[in-house]
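Since every read-out is calculated from the coordinates, none of them should be taken as a lab result. Predicted, not measured: the structure shown is a model, and the values here were computed from it. In this analysis, Cβ positions are derived from the backbone assuming ideal geometry, glycine residues included, and neighbour counts consider all displayed protein chains.
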Amino acid sequence: MEENYDITDEAKLELHKAKCFFEFLGKEEEFLDDFLHQLRIILQMPYGFQIRYRNVRIVKFEQFNYSIHYAIFKEQIIILRIINQLQSY
């Protein structure tokens, strides 16, 4: 699968909020590195993670308490949410 992905507006907003929070803590770069690392893993093996609910797969960050929720539609990866694991969703 080629690197064909899209990020929903909701996920973009969640990423922006998290980035601003970690910028305040001085950990923005580490957070974005962790996000990009997980995104690269998803792009390399999109079917490598089990379906958790409604065709949505979840990948947890390594260093931060966040996860990427994504689905695959017509060979395109759609990043649906970027969620803090301590929040209700």
Residue 72: passes all of (1) of a type outside the set (Phe, Trp, Tyr); (2) over 19 Å from residue 9 (Cα atoms); (3) over 11 Å from the mean Cα position of the chain (by Cα) but (2)
Being surrounded by 12 or more Cβ atoms within 10 Å (Cβ to Cβ), among the charged types (D, E, K, R) and in contact with a strand residue (DSSP E or B) (Cβ under 9 Å, 6 or more places away or on another chain) narrows 27, 19, 12 down to just 12
Of the candidates 61, 35, the one satisfying the condition of being in contact with an Asp or Glu (Cβ under 9 Å, 6 or more places away or on another chain) and either without any contact (Cβ under 8 Å) to a residue 60 or more places away in the chain or surrounded by fewer than 17 Cβ atoms within 10 Å (Cβ to Cβ) (or both) is 61
Report task. Could you tell me whether segment 44-51 includes any residue that is of a type outside the set (Gly, Ala, Ser) and assigned to a strand (DSSP E or B)? Result -> yes
